[in-house]
1. What is the extension gain from LYS26 to ALA10, computed as 0.36 nm multiplied by their sequence separation minus the C-alpha to C-alpha distance, in nm to one decimal?
2. Under the Karplus relation 6.51 cos²θ - 1.76 cosθ + 1.60, θ = phi - 60°, what is the ordered set of whole-Hz ³J(HN,Hα) values for segment 31-42, x standing for Gly and Pro?
3. Can you show me the helix-derived [θ] at 222 nm for the chain, built from DSSP H runs with n ≥ 4 at -39,500 (n - 2.57) apiece and divided by the number of residues, rounded to the nearest 500.
4. If you roll a 1.4 angstrom probe over the protein chains with everything in place, what fraction of the accessible area of the chain belongs to carbon and sulfur, to the nearest %?
5. What's the magnitude of the charge dipole for segment 13-72 around its Cα centre, counting Lys and Arg as +1 and Asp and Glu as -1 at the beta-carbon? Answer in Debye, nearest 20.
6. State the label only: which of (i) 4, 16, 29, 28, 15, 7, 2, 0; (ii) 3, 15, 18, 17, 18, 15, 10, 3, 1, 0; (iii) 4, 19, 20, 17, 12, 10, 8, 6, 4, 1 corresponds to P(r) over Cα pairs in 5 Å bins from 0, in percent computed from the shown model?
7. To the nearest 10 square angstrom, what accessible area does SER17 show with a 1.4 Å probe?
8. Skip the ligands, DNA and RNA, and give the accessible area per residue of segment 19-63 with a 1.4 Å probe, whole Å².
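The values are calculated or read from the model by the stated rules, or taken from the named source; none is laboratory data. Only a predicted model underlies this, so the values are computations on that prediction, with no experimental measurement involved. Cβ: placed from backbone, ideal geometry, glycine included. Neighbour counts: every protein chain shown. Heads up: the accessible areas ignore ligands, DNA and RNA and are worked out on the full protein's heavy atoms, side chains in. Shrake-Rupley method; radii C 1.70, N 1.55, O 1.52, S 1.80 Å.
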Amino acid sequence: MDDSTEGSGAEVLVVTSKVKKLIKEKGGMNTSAATVEILSKAVEKLCMKGIEQAKQDGRKTVMDRDIVIDHI
């Protein structure tokens, strides 16, 4: 599978209705499907980094300290 089709079948890891509601209530704007896809990809990347950190620390539990959000 190439990168151009990767997003179309990707698993959604965020609650679409909640994301849309937040954006509508806080900004008065609509939300594109691509926004939900990119947020899901971001969540997946954060989880994967958390998994790697927990493994490096010899744990089988991902903890809040393993999830580093450095650009928010």
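1. Result: 3.1 nm gained on full extension.
2. Once rounded to whole Hz, the list reads 10, 7, 4, 5, 5, 5, 4, 5, 5, 5, 5, 5.
3. For the chain, the value works out to -17500 deg cm²/dmol.
4. Taking all protein chains in place, the chain shows 57 percent carbon and sulfur surface.
5. Numbers: 12 positive and 8 negative charges, 43 e Å.
For segment 13-72, the charge dipole is close to 200 debye.
6. (ii)
7. 80
8. Result: 79 Å² per residue.
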